[in-house]
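Student: Structure incoming, see below.
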C-alpha cells in the first residue's frame, strides 16, 4: 500500500493544507486528479496529488482512502512543483495555483473536438533575407536552445524591426531540437494576426490556442490536445503560461512591458516569474520582446540578469514616423474647441486623399468620461464600486466600467435638483461620432471592449481594416499594440494625458510606452508615417521622450526618480488588502493588521510601512477594501512575506471571521 498527500479542491483557507490518504491502486502519479472522501460527512471532493509515499512516520487513525482516479485530467510533476512555488511566492492557496493549470469546461457530449481557428488560412509571409540585426539576435540565442542552457534574453527592438520573424525562427530551432514552445501576446486582439503567421509557417496541427475569449468547450479541448502531446506550439494571452506542455524549450513574451501580464485575481501572479520558473525546469530559454521595455527589465539587463539584444532599424529600412506634439492649450487660445487639432485634421484629410488609412487612439471608452452637475459639482458614481460612471450614448445610460451596472441619465441633479447635469469628457464612442461627421465619405470603425462583446467581432473589425474596407480605425489600447498593417499612413493620439494622470508610479513609463507603441503602427509599409500627439502637458518628459523616440531619456529619468523614492526595481512593493462587509470593521482591521506587521518586521523595514488607505475600488460587491503598502528593499522580500504569511493565515482561519486579508506583490 502507498500513501498520497493531496490538495483538496475547496475554496477555504482553513483547508489549505495537504491531506494524507491511503492508496490501493498503483495507477497514480504526482499531479493526478482524484476523488476523495473529505471532512466529517465524507463528501467526495476533487483533489490533486502532490506527493506519493511508501510509508508514513506514524500510524494515522481513521485513515481514509482515495475513491477514484480521473483518467483524463492529470498534471505533471513540474506543474505541481510550480504550484508549490506559487503558493510560497504569492501567498495563495494550493488549489488557486492548481486551478491555473487545470482546464475549464467539459468534454463534448458528441465526442466531436472543438478546434478554434480551424477555418483559418495561414498567412504566406516567408521572409528569406534577414537584416544583420535579426541575424545577430538568432546567433546569440540559438546556441542556448540547441545546448539546453537556461537564460533570459531581452530583445529591445524598435516598432517594425522584425521581432516576430525572430520569434518564428527561434521556435523553429526549439522544435528541431525536440522541445516545445509557448508564445504569449498581451492582448487577445493580437492572437489572430500571430496565429495566421504561425499557421503559415508551421501548419495548423502543431499549434494550440489558449485565451479567455474561446468558449469553455474550445478551451477544454485545446487543453487536452496540449496535455496529450498532440501540439508543439501554444499561442495565447497571459494564461498560456500555464499550458500543460512538457519539455518546454522556449517561452516568448511579446510586448513584455504590458501590465496585462500581471494577474489582478487570485493568485496574483507575475507571468514572467512563472515563465522563468517553468522553463528553468527544462533548461529552456525565456525571450522578452518590446519596443519599449519596462524600466525594470532594462535595469535587470544592465545588472547582467538578462542578456540584452538591440534592433535599432526597421525591417523595411523606412524611417520611424514623423512625430508632432500639439499643445491643446494653444489650440483653445486659437478658438479650436473640437476633438481634433488643426494639425490632426489636415493630416487626416491629406492621408485619406492619398488612399492611406488612419488609426486614432484614445484610452477611454464610452461617449463621455463622467456625468456631473455644474451647479453643485456632484459626480455620478457606482453604488457598488464607488467609481465614476461613464456615459454611453448607444445605451443612453451611465455605466460602471468595473461591474457593468447601468443607471439612466438623471434629468435633474440628485443632490441639488439643478437641471444643469451633463456628461463631460471624451471617449472612443464620441471620437467615432465626430470622425464620421468630419469625414462622411470615409468608413470608420471602433475597436474597444464595447464593440467586441460578440465572439468573432475583434477578427471582423481587424479583417475589414486589413482589407481596406475601413479607412479609419478608432480604439483604446487594443489598437496600440502589435498590429501590423502596411497601409496605415497616420496615427492620431487624441489625448496623451489620460494615463499620465493615473495615481501610479509607472504613469510616466506607461504613457511613453502607449504613445510609442501607437505611433509604431504608422509607416510600416513603403511610405514614412506621421503621428500627431495631442496633449495639455506638452512639456512632460515622457511625452517629449516618446515624440523623439528617446527611450534612454525616459529610462534614466525614471531610474533616478525611483531610486530616490525606493520604487521598483530598487524594492518590491507589497500590498495587503483588508476586506470586510462593514466599513468601520474594515478600517479597524487594517489598523490591527498594520500593527501586527510592524511588530513582526525589523526596525529598518518598519520605516517603509504606509498607513491604511481606501482602495480605489473601495466599496465593491458589498465589501469595503482598505490597503496597507510596504516597500521592501531588494533582498528583504522573503523576510517581509514570512511575517505577512503568518498574519494572513491567522486572520483568514480565525473562528470569528470579521475581515479577510489578501496580498498582492508589485501590484498594478
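Student: Which of the residues spanning the stretch 145-160 are under 22 Å from residue 296 (Cα atoms), in a loop (DSSP other than H, G, I, E, B) and under 23 Å from the mean Cα position of the chain (by Cα)?
Tutor: Of everything in the stretch 145-160, those that are under 22 Å from residue 296 (Cα atoms), in a loop (DSSP other than H, G, I, E, B) and under 23 Å from the mean Cα position of the chain (by Cα) turn out to be 158, 159.
Student: Only one of these conditions is not met by residue 273: (1) under 20 Å from residue 572 (Cβ atoms); (2) surrounded by fewer than 24 Cβ atoms within 10 Å (Cβ to Cβ); (3) under 11 Å from the mean Cα position of the chain (by Cα). Which number is it?
Tutor: Going through the list (1) under 20 Å from residue 572 (Cβ atoms); (2) surrounded by fewer than 24 Cβ atoms within 10 Å (Cβ to Cβ); (3) under 11 Å from the mean Cα position of the chain (by Cα), residue 273 breaks only (3).
Yes or no, residue by residue, for (1) on the phi > 0 side of the Ramachandran plot; (2) under 23 Å from the mean Cα position of the chain (by Cα); (3) free of Cβ contacts under 8 Å to residues at least 12 places away in the same chain; (4) in a helix (DSSP H, G or I):
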{"residue": "626", "(1), (2), (3), (4)": "no, no, no, no"}
{"residue": "629", "(1), (2), (3), (4)": "no, yes, no, no"}
{"residue": "639", "(1), (2), (3), (4)": "no, no, no, yes"}
{"residue": "645", "(1), (2), (3), (4)": "no, no, no, yes"}
{"residue": "650", "(1), (2), (3), (4)": "no, no, yes, yes"}
{"residue": "657", "(1), (2), (3), (4)": "no, no, yes, no"}
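Student: Got a sec? Which of 404, 366, 355 is touching a helix residue (DSSP H, G or I) at 6+ places or on another chain (Cβ under 7 Å) and on the phi > 0 side of the Ramachandran plot?
Tutor: Answer to the check: 366.
Student: In the set 107, 103, which member is modelled with pLDDT under 95, in a loop (DSSP other than H, G, I, E, B) and under 29 Å from residue 277 (Cβ atoms)?
Tutor: After applying the criteria, what remains is 103.
Student: Let me ask something else. Pull up the stretch 518-553, narrow it to residues that are without any contact (Cβ under 8 Å) to a residue 60 or more places away in the chain and not in a loop (DSSP other than H, G, I, E, B), then point me to the one that is surrounded by the most Cβ atoms within 10 Å (Cβ to Cβ).
Tutor: It comes out as 542.
Student: Considering each of 599, 589 in turn, give the residue that is surrounded by fewer than 20 Cβ atoms within 10 Å (Cβ to Cβ) and assigned to a helix (DSSP H, G or I).
Tutor: Matching residue, one of 599, 589: 599.
Student: Another question about this same structure. Inside the stretch 423-450, can you point out the residues that are under 25 Å from residue 408 (Cβ atoms) and modelled with pLDDT of 85 or more?
Tutor: Passing the criteria: 426, 427, 428, 429, 430, 431, 432, 433, 434, 446, 448.
Student: Is at least one residue of the stretch 216-225 part of a helix (DSSP H, G or I), in contact with a helix residue (DSSP H, G or I) (Cβ under 8 Å, 6 or more places away or on another chain) and modelled with pLDDT of 90 or more?
Tutor: No.
Student: Out of the stretch 645-665, which residues are surrounded by fewer than 17 Cβ atoms within 10 Å (Cβ to Cβ) and out of contact with any helix residue (DSSP H, G or I) (no Cβ under 6 Å at 6 or more places or on another chain)?
Tutor: Listed by number, the residues that qualify are 645, 646, 649, 650, 654, 655, 656, 657.
Yes/no per residue for (1) without any contact (Cβ under 8 Å) to a residue 60 or more places away in the chain; (2) over 29 Å from residue 90 (Cα atoms); (3) touching a strand residue (DSSP E or B) at 6+ places or on another chain (Cβ under 9 Å); (4) not in a loop (DSSP other than H, G, I, E, B):
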{"site": "191", "(1), (2), (3), (4)": "yes, no, yes, yes"}
{"site": "257", "(1), (2), (3), (4)": "no, no, yes, no"}
{"site": "276", "(1), (2), (3), (4)": "no, no, yes, yes"}
{"site": "287", "(1), (2), (3), (4)": "no, no, yes, yes"}
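The values are calculated or read from the model by the stated rules, or taken from the named source; none is laboratory data. Source: prediction; values computed, not measured. Cβ atoms come from the backbone with ideal geometry, glycine included; neighbour counts cover every protein chain shown.
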